[in-house]
Amino acid sequence: MPIPAIFTFRAKAAGTLYRYLIISGALIAMGTLGGCSITRVSMATYKKEYAQLNPMGMDQAAAVRKIEAAGYSCDKPYADRTLMDNGIAVPVTAQSCSNASFELLCPQRRFIDFKFRTSDNIIIEVHKPNMVERSCF
């Protein structure tokens with residue numbers, strides 16, 4: 001006995017819907033397990049966080065403690081340079097702090113870079129907010 005055409009159409013439609021749901025579920029799972037939708041922040045959110053952490057005028061050690069308390073990791077001071085401050089050459093040292101999302105491959109990285117006077121360790125220059133969306137290898 002032949003199968004009526006209406007049942008064949010419903011079976012094909014149900015199979016297509018089932019495949020669509022499986023593919024959609026797999027894509028959602030890959031996106032959330034990769035960490036993209038959970039741990040990444042927008043540039044607007046990062047700028048707000050950056051404004052709260054702005055270490056301008058602070059002591060270098062206190063600024064590093066404040067930034068590290070917010071989840072950043074700070075490198076050791078790395079560059080001795082001379083900066084012109086109101087027409088006076090001031091010896092400064094640079095330091096960088098960064099925070100990465102929890103993705104294993106190509107995480108988002110956020111940076112806070114600043115320079116402080118070598119003589120009294122007061123921060124006199126803070127760079128603009130810097131965020132790298134995909135820092136692969």
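Bear in mind that the values in this text are calculations on the coordinates, not laboratory data. What you see is a predicted model; the values in this text were computed from it and never measured. So basically every Cβ, Gly included, is an ideal-geometry build from the backbone, and we count neighbours across all protein chains shown.
Observations, loosely collected:
- Exposure proxy order (Cβ contacts within 10 Å, fewest to most) of Ile22, Ile124: Ile22, Ile124
- Using a Förster distance of 41 Å, the FRET efficiency for Ser42-Asn86 (Cβ separation, nearest 0.05): 0.65
- Protection-proxy order for peptides 52-65, 78-91, each taking the mean of Cβ atoms within 10 Å per residue, highest first: 52-65, 78-91
- Using the Cβ of Glu133 as centre and a radius below 9 Å, the other residues enclosed give a net charge of +3, where K and R count +1 and D and E count -1.
- Local electrostatic count at Met58 - Lys and Arg +1, Asp and Glu -1, tallied over other residues with Cβ under 14 Å: 0
- Multiplying the residue separation of Asp75 and Leu104 by 0.36 nm and subtracting their alpha-carbon distance yields 8.3 nm.
- Compactness of the range 41-132 as Cα Rg over 2.2 N^0.38 Å, two decimals: 1.13
- With neighbours defined as other Cβ atoms within 10 Å of a residue's Cβ, the residues Lys48, Lys76, Lys115 order from fewest to most as Lys76, Lys48, Lys115.
- Counting charges near Asp113 (Lys, Arg +1; Asp, Glu -1) among other residues having Cβ under 14 Å from its Cβ returns a value of +4.
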